[in-house]
Amino acid sequence: LLDLSLADGVELTQLIDEPGAHISRRIYGNDEIFELEQDRIFRRAWNFLGHVSELPNPGDYVTRDLAGEPVVLIRGDDGEIRAFLNSCRHRGMRVCRADRDNVSYMRCVYHGWSYSRSGDLVTAFAEELYDPGRLRKEELGLIPVTQVAIYRGVIFGTWDAEAPPLEEYLGDMRFYLDLFLGRTDGGTEVVGAPQVWDVSTDWKFCADNFTGDNFHLYTAHGSVVDLGMLPPDPMSLSYGYLVRAQGGHVLHLVPGPPDPSFEYFGLPRDLVPQFERNLDSVQLGLLKDHAWSVGTVFPNLSFMQVMVQGDIGGPNVTFLSLRAWMPTSATTTRVFSYLLLDRDAPEQFRRDSYEAYVRTFGPSGIFEQDDMENWEDCTRVNKGKIAQRHGLHHGMGLHLEPDPSFPGPGQAWPGSYGERTQLSFYGEWLKWMTHERPWAS
Ligand code: FES
Ligand code: FE
C-alpha cells in the first residue's frame, strides 16, 4: 500500500466505503487530493489522448494534456503516431503551440531548435558555436510519452513504464467498446475538431454522472421532458442493465420502446450487415436490443450512444460522443467532447447525427447546460467544513444481485436506475489512490 494519510491525519481508506455506499465529500475540490490523483491515477493510468482520424496526414499534430503536462501527438513520415512531452529540450518552451496544425518540423519559437516529425532534434541555433561533442543532438530529441497505444482508433498514453498493455488495462471493457468503435468495417472518425470548454467542477462529478446516471434525467433535465423531447414516464429509462465490465470500467445499456426504430441504437439499417460481420453473436444481440448507452473507461474517458430529439417534435436521432474530463485543478475541469461517426454511415445520417449532438450535448446543448450547473454547485457546496461532516449517499439498487443470464462479460445488475456503477468507479478510484500496483490488485 502507498502512504494513506492525508495532512490532517485522515486516511484515504476512510473516504470511500463501497459496501456501505458512503462517499466522503472531502474527495471533491480538495487540493491535496488533486495532487495525489495526478500522481497516483493520471500519471499511472492509461489516459485518453485523441483519435487517429484527427491526424490523417504526416506532419499533422494535436496538442493535449497528459496528467497536467502538455503533450503533442504527431504523425510521422512513416505513418506512425507518436506522442511527446510538448517541451523544448533547451529552455522548456512548448514546441507546438496550436491546438492542431500540420508542420514539416516542430520548430521552437524561442531560439529556433527544430525537431523532426518523429521527435529528433534536427537543428539547433548557431551549432558552430558549441564545443565539438557538446551538443549531442541524438540525445536531445523530444521526450516521448512512456507508452502509447491505440484501441479501435482511440489513442491512449501513460507515463508509467510498468502499466500493463492497453488491451489488458481495458480488459473486458473491450467487448463493450467494440459495440461502438468496432461495429463497422471502416471504424469511426471524428467529425471536425473536438469541442473544448472549461467547467468549475471536480472532474469526478463528470465521470460519476457518465458511469450511467440515468435517474438524473427527469429532474436535472426536466425542462426537456416538459418540452416533450423525452418520454413522459419517469421510469422509461429505468430498464436494461448496469454493467461493471472490469475494475472501474462501467456502462449502462438501456432498451428503447418495442419499436424497431429503437433497435441497434437507432443506427442506420444499411449498416446492419457490417454489424453482423464485425461483432460476435452476443455483441450483436446487445446492439440490437438497446437504444441508449453511457459509460466510462476509468479514469476519465466517457462515451455515450444515445437517441435524442434535437428538435421539438422531431425524430429521434442517435449520436456517439466521446468525452474526456481533464482535471486542471481541484475545482476545474477541461472537457473535450467529440462527435464520432461510423465512416461507412450514409450522408443524411451523418448530418442528422451531427445536428442532434450539437443541439443536445454540445457546450450550448439543451442537456449539457443542466449538467454543468449541477456539477459546479456540487463542487462548491461540498467544500464546506460543515457539509464535510456528513457523507454522500450512493445506495440505490444495492439489494439487487447481478443477473447471471446477462450474456456479456463482467457483472450486470438488472435495471438501469441504480448506483452500482458509481460505486464501482469510486472503488477503483480508492484502489488507485492506495495501491502500489492497482492494475494487479
Ligand atoms: Fe526552445 Fe530555446 S527554448 S530553442
Ligand atoms: Fe445529464
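Only the coordinates and a few stated rules stand behind these numbers; no lab work does. In this text the structure is predicted, and so the values were computed from the model without any measurement. A quick note on method: Cβ atoms are made from the backbone with ideal geometry, for glycine too, and the neighbour counts reach across all protein chains shown.
Work out the count of Lys pairs in the chain where the Cα-Cα distance is under 25 Å, with the pair 8 or more places apart or on different chains.
Close lysine pairs found across the chain: 4.
Among Leu253, His111, Thr13, which residue has its Cα furthest toward the positive end of the charge dipole of the chain, with +1 on Lys/Arg Cβ and -1 on Asp/Glu Cβ?
His111
Rounded to the nearest 500, what is the 222 nm mean residue ellipticity of the chain from helices alone, with -39500 (n - 2.57) per DSSP H run of 4+ residues and division by all residues?
Result for the chain, helices only: -6000 deg cm²/dmol.
What full-extension length gain, to one decimal in nm, is calculated for Glu373 and Ala161 as 0.36 nm per residue of separation minus the Cα-Cα distance? Spell out each step's value before the answer.
On the way: separation 212, 0.36 × 212 = 76.32 nm, distance 3.84 nm.
That works out to 72.5 nm of additional length.
Projecting each Cα onto the charge dipole of region 191-440 (Lys/Arg +1, Asp/Glu -1 at the beta carbon, about the Cα centre), which of Ser364, Gly408, Gly395 comes out farthest on the positive side?
The one lying farthest along the dipole's positive direction is Gly395.
Compute the relative contact order of the chain as a whole-number percentage, counting only Cα pairs closer than 8 Å that sit 6 or more residues apart in sequence.
21 percent
Going by C-beta contacts inside 10 Å, put His249, His216 in order with the fewest on the left. Present the calculation step by step, with values, prior to reporting the outcome.
Values: His249 28, His216 14.
Ascending number of Cβ neighbours within 10 Å: His216, His249.
With +1 on the Cβ of every Lys and Arg and -1 on the Cβ of every Asp and Glu, and nothing else charged, how large is the dipole of the chain about its Cα centre, in debye rounded to the nearest 20?
Values: 39 positive and 62 negative charges, 150 e Å.
For this selection, approximately 720 debye.
Can you pull out the trypsin sites (Lys or Arg not before Pro) in region 330-382 that DSSP calls coil and that have at most 14 other Cβ atoms within 10 Å?
On the way: sites: Arg334, Arg343, Arg350, Arg351, Arg359, Arg380; in loops: Arg343.
In loop regions of region 330-382 (DSSP not H, G, I, E or B), the sparsely surrounded trypsin sites (Lys or Arg not before Pro) are Arg343.
What do you get for GluC sites (Glu not before Pro) in region 309-400 restricted to DSSP loop and a cutoff of at most 13 other Cβ within 10 Å of the site's Cβ? Let's see the in-between values first.
On the way: sites: Glu347, Glu355, Glu368, Glu373, Glu376; in loops: none.
Here no GluC sites (Glu not before Pro) fit, given the DSSP loop and packing criteria.
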